[in-house]
1. Looking at THR234, THR206 in this structure, which one is surrounded by 13 or more Cβ atoms within 10 Å (Cβ to Cβ), part of a strand (DSSP E or B) and in contact (Cβ under 8 Å) with a residue 40 or more places away in the chain?
2. Open to solvent by 10 Å² or more (accessible area, probe 1.4 Å), assigned to a strand (DSSP E or B) and either at pLDDT below 80 or not β-branched (Val, Ile, Thr) (or both): is that true of LEU32 in this structure?
3. Please find, within the stretch 187-198, the residue that is most open to solvent (accessible area, probe 1.4 Å) out of those that are assigned to a loop (DSSP other than H, G, I, E, B) and under 16 Å from ALA134 (Cβ atoms).
4. May I ask you to say which residue of ASP201, ASP112, ASP132, ASP184 is over 25 Å from LYS27 (Cα atoms), under 17 Å from the mean Cα position of the chain (by Cα) and either of a type in the set (S, T, N, Q) or loosely packed, with under 13 Cβ neighbours inside 10 Å (or both)?
5. Kindly evaluate GLU214 against the criterion of being exposed (fewer than 13 other Cβ atoms within 10 Å of the Cβ), more than 22 Å from ASN99 (Cβ to Cβ) and touching a Ser or Thr at 6+ places or on another chain (Cβ under 8 Å).
6. Name the pairs: first residue in the stretch 128-144 and among the charged types (D, E, K, R), second residue outside any strand (DSSP E or B) and buried (at least 17 other Cβ atoms within 10 Å of the Cβ), Cβ to Cβ under 8 Å, at least 6 apart or on different chains?
7. Pull up the stretch 147-165, narrow it to residues that are modelled with pLDDT of 95 or more and among the small types (Gly, Ala, Ser), then point me to the one that is nearest to GLU198 (Cα to Cα).
8. Do you know which residues across the stretch 53-63 are of a type in the set (A, V, I, L, M) and out of contact with any Lys or Arg (no Cβ under 8 Å at 6 or more places or on another chain)?
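The values are calculated or read from the model by the stated rules, or taken from the named source; none is laboratory data. Note that the structure is a prediction, hence the values are computed from the model and not measured. In this analysis, Cβ positions are derived from the backbone assuming ideal geometry, glycine residues included, and neighbour counts consider all displayed protein chains. All accessible areas refer to the heavy atoms of the entire protein, side chains included, with ligands and DNA or RNA removed. Shrake-Rupley method; radii C 1.70, N 1.55, O 1.52, S 1.80 Å.
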Amino acid sequence: MIKKLILISALLLITGCSNSSSKVIEKLDTNLNEPNQQPTLFEQRKEEKVEQFIEFPLEDEQVLINLEMVPILREYLNGVKSRTDSISEMKLEKLPLDNHQIYLLEFSCFHDACSYLIFNQTGENPAYLVADLAKSTNLLISPDQSKVALQFSRLNGQNMQLNNLVVIDLTNWQVLSLENETSDANILNYTWPYVTVEWIDEQKLTISTPDVLEPTYQHLSEWYGTNTKIRFDTTLSVAN
């Protein structure tokens, strides 16, 4: 619980610290002799200052995350029992994009529920916390690759899997809000389970949910039990 409170309180610091001349994340092109090597922590002296980095070996590159530039990650590591173990459990994924260098970091996992930071390797490199106490389940890129929708799941108190969707504008590098064009229902923020999520065009997505009146345990259990394919679609538009 303390660990999660640190994540929330540090969220407001991320954007402000990312405007420094130092980069949050840097990429080093290299051919790794040990592609399965785990992420490691190392220090580097720059003038009179010592900076700490986490080095992630990916398939064809090495990625460095500057802890000084990501307070949420630095404070998390300051509060764990073993920094080495916590770092070794982190996972960094490069998103499959042609024109953007975007990375998704999974960290602070507990019982398959994790926190997620998204990084931009170009520009001013701000980082956003896009999920906490959740699990990444899907990644959807808009038709023109200008946006990415990240789908996360979370178990509620009745062990039902509910979902949320976070959309990132890759061109302007910002988290976008979503507006329900179909109804007044709130299907975001882990209130409903999703059956499917798809981009309609560059500005709209459609989410299919179980065809029940409310996402209660009883209604959802009955819906899953009948193995029905009946569902309704909700259209969400991206608010710029």
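1. Step by step, each of THR234, THR206 is checked, and only THR234 is surrounded by 13 or more Cβ atoms within 10 Å (Cβ to Cβ), part of a strand (DSSP E or B) and in contact (Cβ under 8 Å) with a residue 40 or more places away in the chain.
2. In short, no.
3. By that ranking, first place goes to ASN189.
4. ASP112
5. Taking the combined requirement at face value, the residue does not satisfy it.
6. Sorted first by the residue in the stretch 128-144, then by its partner, the pairs are ASP132/LEU7.
7. Among residues in the stretch 147-165 that are modelled with pLDDT of 95 or more and among the small types (Gly, Ala, Ser), the one nearest to GLU198 (Cα to Cα) is ALA149.
8. Passing the criteria: only ILE54.
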